[in-house]
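Novice: I am attaching a structure below and will ask some questions about it afterwards.
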Ligand SMILES: *[C@@H]1O[C@H](CO)[C@@H](O)[C@H](O)[C@H]1NC(C)=O
Ligand SMILES: *[C@@H]1O[C@H](CO)[C@@H](O)[C@H](O)[C@H]1NC(C)=O
């Protein structure tokens, strides 16, 4: 009934909104030379000369080695450094304006202001509950009618408040993703190596596959290649059963938008596990009220249910908007101020796939992208019969972003230049 809708990559409204300490030490130590002036016995002298020659040779070779390794470090840095000059200041400025910002702040404030009994709160709650009541399942509604729900309400407000307060632009947020996402996952997966655990704030996954849901996956058999990655990210609970040859079967995290959890919330125990109950979920919030679903579901999930850092959301929004503005101006010849009406500015949102790729850039040493893009010869989704894309997203703009990632030299707007973007490969 609701099966197909929950598999859409759909977010209903915009609430996008995302530090870093890189200390790079390059020290060169002065090389000390000793002048030997003290007197010596004749018999010792040949031995000493030999020693001196040895030391001399050793110094020379180690210097050569040092120079060579410095050179290779330099070359590597040069390859990874992206050219910042082509970023257009006007576009950057426009992309930084959040059209839906005012409205969404107001909504959040309304949710936070009232108490459980107040009118506006009551309405929100009732419509949310009515939605949940759709299910014939008895367990959850019973829970919701109980005084326990009042506690959920308090938790909801606390979580929403913390989230709203954090929501701002912070270009260095990419450097925080291992700490905020990988560390909790490692803890859950009981990464026992003590040294690794201590360092897990810096250590990334060696390779990640982000698996999109495009029908182009059906044209190839990438299953085993996908599963060969250390970390596999899947999107919006697209099923893998019966598609293993095409999409693989390994899932490290399920990346979803909060509409998906909202749909799961009406099932017993907030069932949301097409990949099994041990697969953590990482979710971005598309509507503030979805924190209710989060609060109710968080306790019933065995695996972590993580909400993306709102500063990370803001960063993703700005990047996609930059590419969308650029494309709009280049392709239509119209002015930037007309972009908003063409793209329903207040509702405009990045897709789940885009943020999943961004997450992979933050927590992986190498990123492979599968199942992104469309083709006249392919279905829209590999697993549904949905006909076309949602208009909330500018997929073409996102493809342009991925092309720049794969290229490796193009500047990516808004990402701190201290953050080194790992190599990205796109499989079509
Ligand atoms: C930046 O983009 C704006 C809008 O597309 C354009 O008018 C302007 O010429 C661009 N500036 C540069 C330096 O390319
Ligand atoms: C969500 O659940 C986890 C595990 O039960 C808990 O540690 C965490 O504090 C919860 N999050 C919130 C915001 O309540």
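All of the numbers you see were taken from the coordinates with simple rules; none came from a lab. Computed from a predicted model, the values in this text were never measured in an experiment. Here Cβ is always computed from backbone atoms with ideal geometry, including for glycine, and neighbour counts include all displayed protein chains.
Novice: Applying 1/(1 + (r/R0)^6) with R0 = 35 Å to the Cβ-Cβ distance of residue 150 and residue 106, what FRET efficiency is obtained, to the nearest 0.05?
Specialist: Given R0 = 35 Å and the Cβ-Cβ separation, E is 0.90.
Novice: In Å, what is the Rg of the alpha-carbon atoms in the stretch 225-323, and how long is Dmax?
Specialist: Just the Cα atoms of the stretch 225-323 yield Rg and Dmax of 14.4, 41 Å.
Novice: So how compact is the stretch 250-292: Cα radius of gyration and Dmax in angstrom?
Specialist: Rg, Dmax (Cα atoms, Å): 10.4, 32.
Novice: Output the Cα-based Rg and Dmax of the stretch 269-317 in Å, rounding Rg to one decimal and Dmax to a whole number.
Specialist: When restricted to Cα atoms, the stretch 269-317 yields Rg and Dmax of 11.6, 33 Å.
Novice: Taking the simple approach of a point 7 Å from Cα along Cα-to-Cβ for both residue 239 and residue 334, what is their distance in nm?
Specialist: 4.1 nm
Novice: When the scattering of the stretch 350-395 is computed by the Debye formula from its Cα atoms alone, each counted once and equally, what is log10 I(q)/I(0) at q = 0.14 Å⁻¹?
Specialist: For the stretch 350-395, the Cα-only Debye profile gives -0.43.
Novice: Mind checking Rg over Rh on the stretch 182-281, alpha carbons, Kirkwood formula for Rh?
Specialist: Rg divided by Rh gives 1.01.
Novice: With only alpha-carbon pairs counted, each pair once and no self-pairs, how large is the Kirkwood hydrodynamic radius of the stretch 292-334 in angstroms?
Specialist: 13.2 Å
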